[in-house]
Amino acid sequence: MTTSAMTDKLDSTETFGQPAFDRLLEKRIDPAWLTAKRKQAWEVFQSIDWPNPRDENWMRSELRGLRLSKFAPNIDESVEIAEGTPVRLLEGVDVSAGLRSVNGVVVSESLDEGLAAQGVVVGSLSRCARDHSALVERYLHSLICPKSDRFAALQAAMWSDGYFVYVPRNVRVEKPIHLHSAMGDGQVDLSHTLIVLESGAEATVLFESSSPDVTAKGLHCGGVELIQHGNSHLRYVNLQDWGKGCWHFAHQRASVGRDSQLQWTVAAMGAKFAQVDQRVELVEPGARSQVNGVMFTQDRQHLVYNTLQHHKAPHCTSDFLYKSVLQDRSRTVWRGMIKVSEGAQKTDGYQRNDNLMLSDAARADSIPGLEINADDVRCTHGSTSGRVDEELIFYAQSRGFTRSEAIRMIVTGFFQQIFDRITIQTVREALGAAIARQVRQYE
Amino acid sequence: MSHILQIENLHVSVNDKPILRGVNLVIKFGETHALMGPNGSGKSTLGLAIAGHPNYQITQGSIKLDDANLTEMEADERSRAGVFMAFQRPVAIPGVKTADFLRHAATNVRRPDRKEGQDLIPMREFRKELKSKMEQLKIDPDFARRYVNDGFSGGEMKRAEILTMAMLSPKFAILDETDSGLDADAVRLASASIAEIGRDKMGLLIITHHDKLLEHNPPQFTHVMLGGRIVETGGAELARELHDQGYDRIRKSYPDAEAANQQMLAKEEPLAV
Ligand SMILES: Nc1ncnc2c1ncn2[C@@H]1O[C@H](COP(=O)(O)OP(=O)(O)OP(=O)(O)O)[C@@H](O)[C@H]1O
Ligand SMILES: [Mg+2]
């Protein structure tokens, strides 16, 4: 096996070696199909290399500091949430269901009785793999292929638990469902999110991840699969607020069916390094998707987002807007791709990435791309990057704002275009507050 | 109330290029002063230097408001001390609603000791006040919800500057061509508004090339700037003379200042071929 400079230290991973995998299989009570799936993924994990730094998706990434041997998978250990771990998306929200995991293992579940009676399932993925075996078997890792990369393979083999949300045909879940992934300092989270909406179903899911304090370390290697059948409507919010010492790897996929609507809001605030591969597939005519991305980085944070909006069917709409604000020596990479398959006529695809740098040492890479194999389509993309305008700061100062208040306000204004698109007020407020907390004092 | 703004021997450079060369000016609370002068003579520069724009370096002289030395203050401290400038070219702040901007601005200016993060003027109270000021100035209530100067027409921007002045009620206001880019009706409305808000309630320094604004706000003093200096000061009649007859007499009477003005306006020398 060849190793590269980027990943040479990753391999010394006895903590994620065969004994750990064997112990995991032994300790878990998985249905046979799941054990088989895990073993297949484990084979992939053992047979492929870590990502090649020359690979388009990884060439702007930085894995040098990652030592897998410093982490060990949490094998079904249920622990208490660490004191101080914030919950940000619950404020002012009346929820219909909730799940919480600590270090990737679900420790609490709740669901309104009325919804349960209608057949709604909100529960631990490990438990649901047993209790709703056929359902989970049908959808789990149906969108994410373990061969995507070695992190995906590791996660597919060793995922510890996760969140399963299932909304049956024509059931509308009015109140939001709240999912919280907490990770202790130095711990590992290998959780998986699986959300399935049957035809005509509707739900709002608020997902957040957090650490006990801003400096906390950790490793998250996760997956998100959102599956929407015809005429369904999903609003999915994902607030990534890990401690600034965490590694975050995630494959996140959505499959949107006929005349369905997906609104996916991503806020990436935490982690030391994050690599997210986000794909929305529009698989049947009339599917519509909107993705709102907010990134706010500081210190030496380095966030990489590879997004794909894949039009597989005609008459679909995709609209991706990512905005990032960078402080200090932080770095963001956004590589967006609109792919239009043959026959996907009348596609309407839009992608945009705007970056605002608050320091000279910050760096934002923005790489939009189109791959179009149909002739009757409308696809537009664009990106901007720049420093915060001193003239705006002066204007605000001349109206009594201090310099740091002025910057704070300009940053809020920069994100406003995204907030205007977020239809859930409490989410807007929570994200606004999270952003305000992150803006440094500028002198 | 008695306040005084005193500018003494002010020299200002931009990118090390001298623009103002010894400006002296005293404005008392309640007075109206007109500042006139040909293009590029330094009028806006004087205003921006008083407001504290960081690109305008004060190399000599002083600006004082009562006992406070403005020269040593940041722009926001000057604003809180009671200085306001309505800009010739206000900038847009996308995503920030005019009402939110003004609420924060008014809070800071009215409570100069407010620390960051402390409460703003209560929303209801502020809304009421803003609404009545907007009615007074005949500004469409929709304005409040729009982003600061974003997509505003030239005229709307100037109106917004007047509204800002009304909300901040400064001790001294510099109005930099607040009448330019407006149609005849709008100039009349702006002039009347300024008179209503400003006259006797602050010291005004009105920079203008037109006569309408001064008709509504007759100046006690008219200053003529040329080549970065105030070369002549008179009463309202001087403003009328300049408006009717232009700057020929001034240019001829002050050849040194005229030379300096030409020098400032001069483009970079073309490269020798
Ligand atoms: N930020 C700047 N950078 C470079 N030069 C500047 C700057 N600001 C002013 N100047 C120069 O200083 C001189 C005076 O400009 P200023 O804008 O003060 O003139 P003004 O009297 O306001 O003219 P107008 O009547 O056209 O508004 C001009 O030569 C101008 O080019
Ligand atoms: Mg000017």
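Values as computed for the structure displayed
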| item | result |
| --- | --- |
| Tally of residues being surrounded by fewer than 22 Cβ atoms within 10 Å (Cβ to Cβ) and not in a helix (DSSP H, G or I) across the range A:130-140 | 1 |
| Checklist (1) open to solvent by 60 Å² or more (accessible area, probe 1.4 Å); (2) more than 14 Å from ligand 1 (Cβ to nearest atom); (3) not aliphatic (A, V, I, L, M) applied to B:PRO18, failing item | (2) |
| Qualifying position, being within 13 Å of ligand 2 (Cβ to nearest atom), closer than 21 Å to B:ASP179 by Cα and touching a helix residue (DSSP H, G or I) at 6+ places or on another chain (Cβ under 7 Å), among B:GLY40, B:GLY47 | B:GLY40 |
| Only one of A:THR317, A:THR307 that is at negative phi, open to solvent by 10 Å² or more (accessible area, probe 1.4 Å) and at pLDDT 95 or above | A:THR317 |
| Complete set of residues in the range B:101-121 that are open to solvent by 10 Å² or more (accessible area, probe 1.4 Å) and within 8 Å of chain A (Cβ to nearest Cβ) | B:HIS104, B:VAL109, B:GLU116 |
| Residue in the range B:150-170 that is within 16 Å of ligand 1 (Cβ to nearest atom), charged (D, E, K, R), open to solvent by less than 20 Å² (accessible area, probe 1.4 Å) and touching a Gly at 6+ places or on another chain (Cβ under 8 Å) present | yes |
| Tally, over the range B:21-53, of residues that are within 16 Å of ligand 1 (Cβ to nearest atom) and within 24 Å of B:GLN245 (Cα to Cα) | 12 |
| Hits in the range B:42-63 (condition: without any contact (Cβ under 8 Å) to a residue 60 or more places away in the chain and either of a type in the set (A, V, I, L, M) or surrounded by fewer than 17 Cβ atoms within 10 Å (Cβ to Cβ) (or both)) | B:LEU48, B:ALA49, B:PRO54, B:ASN55, B:GLN57, B:ILE58, B:THR59, B:GLN60, B:SER62, B:ILE63 |
| Residue match in the range A:100-111 (condition: aliphatic (A, V, I, L, M) and closer than 16 Å to A:ALA153 by Cβ) | no |
| Subset tally (residues that are out of contact with any Leu (no Cβ under 7 Å at 6 or more places or on another chain) and either more than 16 Å from ligand 2 (Cβ to nearest atom) or open to solvent by less than 20 Å² (accessible area, probe 1.4 Å) (or both)) for the range B:4-15 | 6 |
| Whichever residue in the range B:88-100 is within 16 Å of ligand 1 (Cβ to nearest atom) and more than 8 Å from chain A (Cβ to nearest Cβ) and, among such residues, is surrounded by the most Cβ atoms within 10 Å (Cβ to Cβ) | B:GLN88 |
| A:PHE164 vs. criteria closer than 25 Å to A:GLU91 by Cα and touching a helix residue (DSSP H, G or I) at 6+ places or on another chain (Cβ under 7 Å) | yes |
| Per-region count, the range B:64-82, residues more than 14 Å from chain A (Cβ to nearest Cβ) and in contact (Cβ under 8 Å) with a residue 12 or more places away in the chain | 5 |
| Residue satisfying all of: in the range B:212-225; in contact with a Lys or Arg (Cβ under 7 Å, 6 or more places away or on another chain) and not polar (S, T, N, Q); surrounded by the most Cβ atoms within 10 Å (Cβ to Cβ) among these | B:MET225 |
| Qualifying residue in the range A:49-57 (condition: closer than 27 Å to A:ALA434 by Cα and surrounded by 20 or more Cβ atoms within 10 Å (Cβ to Cβ)) | no |
| Flag if A:MET357 is over 21 Å from the mean Cα position of the chain (by Cα), without any contact (Cβ under 8 Å) to a residue 40 or more places away in the chain and over 30 Å from A:TRP58 (Cα atoms) | no |
| Members of the range A:347-363 that are away from chain B (no Cβ under 14 Å), open to solvent by less than 20 Å² (accessible area, probe 1.4 Å) and part of a strand (DSSP E or B) | A:THR347, A:GLY349, A:GLN351, A:ASN353, A:ASN355 |
| Residue within the range A:376-391 that is assigned to a loop (DSSP other than H, G, I, E, B) and within 14 Å of chain B (Cβ to nearest Cβ) present | yes |
| Strands (runs of 3 or more DSSP E) enclosed by the range B:1-115 - at least 2 residues per element that are β-branched (Val, Ile, Thr), under 26 Å from A:LEU356 (Cβ atoms) and modelled with pLDDT of 95 or more | B:93-97 |
| Single unsatisfied condition, B:ASP150 versus (1) in contact with a Pro (Cβ under 8 Å, 6 or more places away or on another chain); (2) assigned to a helix (DSSP H, G or I); (3) within 14 Å of chain A (Cβ to nearest Cβ) | (2) |
| Residue check, A:ALA434 in a loop (DSSP other than H, G, I, E, B) and away from chain B (no Cβ under 13 Å) | no |
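Residues are listed down the side, and each one gets a yes or a no for (1) in contact with a Gly (Cβ under 6 Å, 6 or more places away or on another chain); (2) modelled with pLDDT of 95 or more; (3) of a type in the set (S, T, N, Q):
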{"site": "A:GLY257", "(1), (2), (3)": "yes, yes, no"}
{"site": "A:GLN261", "(1), (2), (3)": "no, yes, yes"}
{"site": "A:THR265", "(1), (2), (3)": "no, yes, yes"}
{"site": "A:ALA271", "(1), (2), (3)": "no, yes, no"}
{"site": "A:LEU282", "(1), (2), (3)": "no, yes, no"}
{"site": "A:PRO285", "(1), (2), (3)": "no, yes, no"}
{"site": "A:ARG288", "(1), (2), (3)": "no, yes, no"}
{"site": "A:LEU303", "(1), (2), (3)": "no, yes, no"}
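The values are calculated or read from the model by the stated rules, or taken from the named source; none is laboratory data. Not measured: the values here are computed from a predicted model. Ideal geometry is used to build each Cβ from the backbone, glycine not excepted, and the neighbour counts take in all protein chains shown. Accessible surface areas use protein heavy atoms only, side chains included; no ligands, DNA or RNA. Shrake-Rupley method; radii C 1.70, N 1.55, O 1.52, S 1.80 Å.
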